[in-house]
């Protein structure tokens, strides 16, 4: 590679930022340091202006602001760029983006994913900036965190905006962001490109691999919203709690369920440590908590309607012939501010169990299901979600499934053949999922990985050459939960892509009260599926040094009652 000394930002004079980038690239062995001139004594980033960035002439890009952010003790100086780029979809909203360009660049580009229905540009990813990455994010071509933007009128979709949300905006901003970065750093090449996202960002990650395999060398997909059928699973869980109204659970009952699950399952991994390594292997039976059974008394026991609701929450969705449509949920770690309770119960009970909008402030699961049906499927804001052909027991009629799939298929990221094609290029995919995710069930992610393994002649060992799945015990949706849930995926995939060092035993950390300002109270290695972390039998169970990921272990393939009840 050749570093071009001439800068498009300052005529024949290379900017201080470009010089810093050149030195970083030279340090990485990409170019001889002899080609880099001594740094100029400049007090600010000369390229960090709207005029200079606009002058780069990146097609379709409009720069809104450029801010030179001063260095702190932990984050180097960087240029915060905010703008938009015209979309090939014709979306009049354009694809908004943020792009952070560090003064000392490592020659690498990172795109970060969004969450929920997207609609906003992420703030600076200071951890990645501190490592020298140029970092971008996008609002996916709309503003606001609901789906109202997806219609211009009832039954008139804003198709360009929907296409951008489903997949095109991430690609569009990636292409433009790379061009801006190259121009900002004086024409320096981008050595490697990465994507990192969780939830909707996990779907965006897989979608990039499937639709735009040339965009990134390595992709991180966390707790992926890999198919819109996961929203049906959310709706089924809500219907089970609303029909009949006597099925709705209290916080005390959720805590009682959690205690019963731990009594059954905590020791199944060989040690009682308040961490369930494999929720699929649990044998919890909800009827054990039936009021009047085994001395169970209110308020912690369950009525028969509530027992039925818990069973329905666990079970998969099927058609009338019993064929699997989408897997169910794990039953581990339901309580907590980010657990199943907040997704399905919300902050307060419904005000009208049978009305079109049962809540004044709906829980996450109802909000996602209700909006998806209203705006993406039936394209009618007045549609009554209770009229959709899905029962509280999880049986969906064929007509309802057909229209649902037809209207949401373009946003799904579960194309096995396309994923395999990405991997066949030698590129890397790191997937992780909270094993106690009460929002987007981990079971479909596990099944996706199993199916990919079946496509490989060497099964898991062959698949692991380019794709690895890490299940995170005790983690809720993308974070939180009682298990270690803070871990680095960017450094491992960078080592994998650039040095062919595959990740295994990624250390996860839990902080007291899940607050990173508090002390660490547990660490744990995350193992490559189907491995499960095993305790050595000696030392503090809260110390990850006393746990290992045995080579050849396949413990996570073990399925118990709750796994089979969930459709695995």
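Computed quantities for the displayed model
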read-out: Residue under evaluation residue 277, criteria (1) out of contact with any strand residue (DSSP E or B) (no Cβ under 9 Å at 6 or more places or on another chain); (2) under 23 Å from residue 338 (Cβ atoms), criterion not met; value: (1)
read-out: Test: residue 418 is closer than 25 Å to residue 230 by Cβ, surrounded by fewer than 24 Cβ atoms within 10 Å (Cβ to Cβ) and at pLDDT 95 or above; value: yes
read-out: Subset tally (residues that are over 25 Å from residue 466 (Cα atoms) and surrounded by fewer than 21 Cβ atoms within 10 Å (Cβ to Cβ)) for the range 481-518; value: 9
read-out: Subset of the range 258-295 (residues that are closer than 18 Å to residue 522 by Cβ and not in a helix (DSSP H, G or I)); value: 270, 271, 272, 273, 274, 275, 276, 277, 278
read-out: Among residues of the range 450-463, those that are under 27 Å from residue 276 (Cβ atoms) and surrounded by fewer than 20 Cβ atoms within 10 Å (Cβ to Cβ), counted; value: 6
read-out: In the range 296-319, the residues that are out of contact with any strand residue (DSSP E or B) (no Cβ under 9 Å at 6 or more places or on another chain) and assigned to a loop (DSSP other than H, G, I, E, B); value: 297, 298, 299, 300, 315
read-out: Conditions (1) surrounded by fewer than 23 Cβ atoms within 10 Å (Cβ to Cβ); (2) under 18 Å from residue 421 (Cα atoms): number failed by residue 468; value: (1)
read-out: Matching residues in the range 370-396 - criterion: being in contact with a strand residue (DSSP E or B) (Cβ under 7 Å, 6 or more places away or on another chain) and closer than 30 Å to residue 205 by Cβ; value: 375, 379, 390, 394, 396
read-out: Among residues of the range 236-252, those that are surrounded by fewer than 24 Cβ atoms within 10 Å (Cβ to Cβ) and in a helix (DSSP H, G or I), counted; value: 7
read-out: Some residue of the range 397-407 being surrounded by fewer than 19 Cβ atoms within 10 Å (Cβ to Cβ), in contact with a strand residue (DSSP E or B) (Cβ under 7 Å, 6 or more places away or on another chain), in contact (Cβ under 8 Å) with a residue 60 or more places away in the chain and within 18 Å of residue 232 (Cβ to Cβ); value: yes
read-out: Scan of the range 276-296 for residues that are surrounded by fewer than 22 Cβ atoms within 10 Å (Cβ to Cβ) and within 19 Å of residue 476 (Cα to Cα), ordered by number; value: 281
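The values are calculated or read from the model by the stated rules, or taken from the named source; none is laboratory data. If you're wondering where the values come from, they're calculated on a predicted model, not measured in any experiment. As a convention, Cβ positions derive from the backbone with ideal geometry for all residues, glycine included, and neighbour counts pool all protein chains shown.
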